[in-house]
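These notes are about the structure you will find just below.
Bear in mind these aren't lab numbers, they're just calculated from the coordinates by the rules spelled out. Note that the structure is a prediction, hence the values are computed from the model and not measured. Counting neighbours? That spans all protein chains shown, and the Cβs are built from the backbone with ideal geometry, glycine included.
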There are 2 protein chains.
Amino acid sequence: MTSGRVEALRSALAADGRAASMLVSDPSNIRWLTGFTGSSGSVVVTAGRVLLVTDGRYTDQARRQLDDAGLGDAEVVTAVSAAAMDAEVARLADGEALGAEATRLSHARWSALAEHASPVAADGLLEGLRRHKTADEVAVMERAASIASAALAEVAPMLVAGVRERDIRDELEYRMRCHGADGPSYETIVASGPDHAARPHQRPTDRELCKGDWVIIDVGALLQGYHSDMTRTFCVGEPSAEQLRWYAAVAESQAAGLATVGDGVPAREVDAACREVLEAHGLGEFFIHGTGHGVGLDIHEDPFVARTSAAILHSGDVVTVEPGAYRVGTGGVRIEDLVLVTDDGHRPLTSFPKDDPCPPSPPTT
Amino acid sequence: MTSGRVEALRSALAADGRAASMLVSDPSNIRWLTGFTGSSGSVVVTAGRVLLVTDGRYTDQARRQLDDAGLGDAEVVTAVSAAAMDAEVARLADGEALGAEATRLSHARWSALAEHASPVAADGLLEGLRRHKTADEVAVMERAASIASAALAEVAPMLVAGVRERDIRDELEYRMRCHGADGPSYETIVASGPDHAARPHQRPTDRELCKGDWVIIDVGALLQGYHSDMTRTFCVGEPSAEQLRWYAAVAESQAAGLATVGDGVPAREVDAACREVLEAHGLGEFFIHGTGHGVGLDIHEDPFVARTSAAILHSGDVVTVEPGAYRVGTGGVRIEDLVLVTDDGHRPLTSFPKDDPCPPSPPTT
């Protein structure tokens with residue numbers, strides 16, 4: 001999947017003008033560029049060379065993954081220390097400015113590098129290239145999303161009074177693995193009742209579900225390094241009229257946001273569309289987070305969909321649209337889908353039903 | 001568990017002399033110092049004040065956790081941006097030198113901070129304090145270790161030909177959760193056969209176990225932020241004479257290392273003890289990693305137990321002792337326990353049987 005990416009980085013460096021070579025430190029950027037998945041390594045790309053420096057645990061793996069990525073000409077260097085690596089990097093940079101990730105490299109590492117080379121901040125170049133997902137990447141993310149949906153469909157019948165939040169989380173993560181996930185995409189959220197469901201990032205606890213609870217489930221699968229991301233909200237027992245009103249408002253908000261998504265659309269307009277609907281329903285003050293974010297090799301990546309976002313959506317972006325409303329003492333509702341931005345709108349990658357807040361029944365046998 | 005830690009940091013700063021105040025950024029250091037577990041936050045400790053800066057998602061949680069930690073006087077500030085936080089931190093530092101974690105803070109963040117304050121590298125101060133585990137911390141880690149042992153005992157009967165590495169990993173992680181773990185302590189390793197078991201950090205794959213395989217299982221549980229860490233190695237089917245020879249050599253090596261552990265002992269002597277035994281058995285060249293590491297809120301922390309380590313072990317350190325031997329085409333053996341360093345030796349926190357490489361039978365009913 002990595003074909004042409006080194007050339008794309010070289011073109012981006014040339015267009016940017018700050019440096020002709022770049023030191024890449026961020027693990028997702030390294031994986032995107034070279035296919036290397038080790039936990040320790042740095043990549044240097046110059047006009048003519050690609051070098052991956054890693055430690056002895058990963059030398060063989062690095063060679064294999066670079067070859068698989070069509071980077072048979074790239075060099076793998078085993079460094080015995082960070083200092084040895086910096087010296088190697090400096091040798092390649094040959095006194096010229098070297099692009100580096102100032103938001104990723106520690107100050108200590110940057111300072112050590114500056115003793116041998118001339119690092120200049122070149123953050124965002126690779127993140128910009130990573131935004132546009134290829135058909136292969138989209139296919140992996142759609143498969144990850146379908147794994148999470150399958151797990152949620154199996155676990156939804158557990159959403160009854162007396163079951164603990166953590167048990168639902170454990171079953172979801174186990175069943176995603178059974179369906180082929182490499183793991184959960186992030187810490188699965190199962191947030192129930194008047195307090196927990198009122199906190200957008202509540203972690204699962206020993207709390208037992210009660211009749212009348214809201215339960216927010218935010219779950220995704222990790223597959224080949226790619227993430228999926230989806231939220232559904234359910235009622236325990238029959239929803240009340242007030243619960244149906246909240247659910248319908250958030251669903252309408254999300255539909256308005258999704259209808260706005262498309263190539264060339266400012267991300268903040270998607271946020272505004274979601275926010276307007278909730279305000280019209282008197283729930284505007286309870287929407288206490290941004291509307292969405294890009295997803296790919298990172299669970300949160302460019303472009304961000306928020307009130308203050310300067311990003312313009314482009315075909316090939318994969319983003320979430322996830323408005324919500326939260327009030328302590330009531331709980332909360334969030335509905336989130338992962339969508340591919342297309343020339344004329346969007347295509348959903350997540351597909352779990354969201355018509356109402358009633359957990360689906362178990363499949364009949 | 002956090003009682004007295006802020007005062008301990010102030011004393012360490014005074015003894016160190018580089019700065020009277022400190023900005024703490026590392027999440028494990030923040031948790032150790034204040035009990036705060038949010039994913040976003042910074043702590044500033046001055047001679048008279050403690051301030052936690054976080055974003056709006058975590059304000060309530062921060063207040064609650066600081067109060068629980070006996071830090072009712074500490075202030076919680078909600079910052080709308082990193083820049084706002086830096087300004088707040090600078091105001092507290094009041095022009096004086098401010099200790100900061102140069103190996104944790106990004107260069108970009110450090111540079112922004114330097115516009116308002118005078119950061120100086122003060123890495124290692126908190127890591128040094130965190131080394132000595134209290135009885136409460138040891139009790140949590142011992143409980144985490146017993147959870148991992150219980151899961152391994154339940155899963156060990158699965159170690160037969162035809163079962164996939166990833167299925168064993170999935171069951172181990174699920175069962176640790178069932179026994180009360182908050183999750184796995186790290187990516188569980190299940191490495192089987194002549195190639196996978198020869199790589200110390202191999203991730204589980206779709207490979208099916210075969211008769212005659214080595215299977216290395218490296219598994220730990222996460223509990224209240226603390227980690228456990230243990231490795232056992234098994235044979236699939238009856239071990240051969242050569243397998244028994246390798247296993248006995250590694251077991252003897254580990255016993256020699258454990259016998260060396262104690263208060264005041266240089267960590268490199270533990271490493272040397274393990275290495276000497278393997279060399280005597282002709283397996284020295286196959287021991288391709290260090291002997292161990294500290295464990296606590298981080299899975300790898302000070303002190304490190306390796307050939308080049310300058311650390312001296314002290315009572316209260318919790319470290320692993322995990323020699324191994326690996327050869328591509330054969331596979332490998334690693335035996336790892338987590339131990340508390342005591343005045344007169346050590347106390348094991350992991351307790352799974354390790355007499356031989358045969359998986360224990362399922363409990364009889």
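Observations
- By the rule of a C-alpha distance below 20 Å, with chain neighbours fewer than 8 residues away ignored, the aspartates and glutamates paired with A:K211 are A:E165, A:D167, A:D195, A:E238, A:E242, A:D356.
- The H on the amide N of B:Y186, modeled in the peptide plane, is under 5 Å from the matching H of B:G220, each at least 5 residues off or on a different chain.
- Taking every residue in A:167-176 and counting other chain Cβ atoms within 10 Å of its Cβ, the average works out to 3.
- Sorted from shortest to longest, the distances between the A:V120 label points of this copy and the other copies are 3.3 nm, with each point 7 Å from Cα along the line through the beta carbon.
- The calculated FRET efficiency for B:H201 paired with B:V160, based on their beta-carbon distance and R0 = 22 Å, is about 0.35.
- Karplus-based coupling profile of the stretch B:282-298, in residue order and whole Hz: x, 10, x, 5, 9, 8, 9, 9, x, 7, x, 7, x, 9, x, 5, 10, with θ = phi - 60° in 6.51 cos²θ - 1.76 cosθ + 1.60 and x standing for Gly or Pro.
- Taking a ≥ b ≥ c as the square roots of the Cα gyration tensor eigenvalues, the stretch B:192-303 comes out oblate, since a/c reaches at least 1.5 and a/b does not exceed b/c.
- The Cα atoms of chain A give a gyration tensor whose axes a ≥ b ≥ c have a/c of 1.5 or more with a/b greater than b/c, which makes the shape prolate.
- Taking a ≥ b ≥ c as the square roots of the Cα gyration tensor eigenvalues, the protein assembly as shown comes out rounded, since a/c falls below 1.5.
- Built amide H within the under 5 Å cut-off of B:V77, gap 5+: B:L52, B:V53, B:T54
- Extension gain from A:Q224 to A:S361, taking 0.36 nm per residue of separation minus the Cα-Cα distance: 46.2 nm
- Estimated [θ] at 222 nm from DSSP helical runs (n ≥ 4, -39500 (n - 2.57)) normalised by residues in chain B, nearest 500: -11000 deg cm²/dmol
- Mean partner shielding of peptide B:107-117, defined as the number of other chain Cβ atoms within 10 Å of each residue Cβ, is 4.
- Label geometry 7 Å along the beta-carbon vector: A:D16 inter-copy distances in nm: 3.3
- In nm, spacing of pseudo-spin labels at A:R347 and A:A84 (7 Å Cα→C-beta vector): 4.8 nm
- Within 10 Å of the Cβ of each residue in B:264-276, the mean number of Cβ atoms contributed by other protein chains is 0.
- Relative exposure of A:M141, B:M176, judged by other C-beta atoms within 10 Å (fewest first): A:M141, B:M176
- Integer Hz, Karplus 6.51/-1.76/1.60 couplings in order for the stretch A:329-336, x for Gly and Pro: x, 10, x, x, 9, 9, 10, 9
- Nonlocal amide H pairs with A:I312, under 5 Å, H built at 1.01 Å: A:A267
- Spacing of the modelled spin labels on B:H314 and A:E187, each 7 Å from Cα toward Cβ, amounts to 3.0 nm.
- For a label point 7 Å along the Cα-to-beta-carbon line of A:E96, residues of the stretch A:28-57 with backbone N under 19 Å: A:43-53
- If R0 is taken as 35 Å, the Cβ-Cβ distance between A:R307 and B:D68 corresponds to a FRET efficiency of 0.55.
- Within chain B, helices built from complete DSSP H runs that reach 15 Å or longer along their own axis (Cα positions) and carry a mean Kyte-Doolittle hydropathy of 0.5 or higher are B:82-93, B:135-155.
- With the simple spin-label model, which puts each label point 7 Å out from Cα in the Cβ direction, the B:E285 to A:I288 separation comes to 6.3 nm.
- Rounded to the nearest whole Hz, the Karplus-based 3J(HN,Hα) values (6.51 cos²θ - 1.76 cosθ + 1.60, θ = phi - 60°) of the stretch A:313-324 follow the sequence 6, 10, 3, x, 5, 10, 10, 9, 10, 9, x, x, with x at glycine and proline.
- Distances between equivalent label points of A:C210 across the copies, with each point positioned 7 Å along Cα→Cβ, amount to 5.8 nm, shortest listed first.
- Counting DSSP beta bridges with both ends in chain B, the antiparallel % (nearest 5): 80 percent
- Within straight-line reach of A:K354, meaning a Cα separation under 14 Å, sit the following aspartates and glutamates at least 8 residues removed in sequence or on another chain: A:D218, A:E252, A:E322, A:E336, A:D337.
- Taking a point 7 Å from the Cα of B:A14 along the Cα-to-Cβ direction, the residues of the stretch B:50-79 with backbone N closer than 17 Å to it are B:50.
- In this Cβ point-charge picture (+1 for Lys and Arg, -1 for Asp and Glu), the stretch A:135-348 has a dipole of about 600 debye about its Cα centre.
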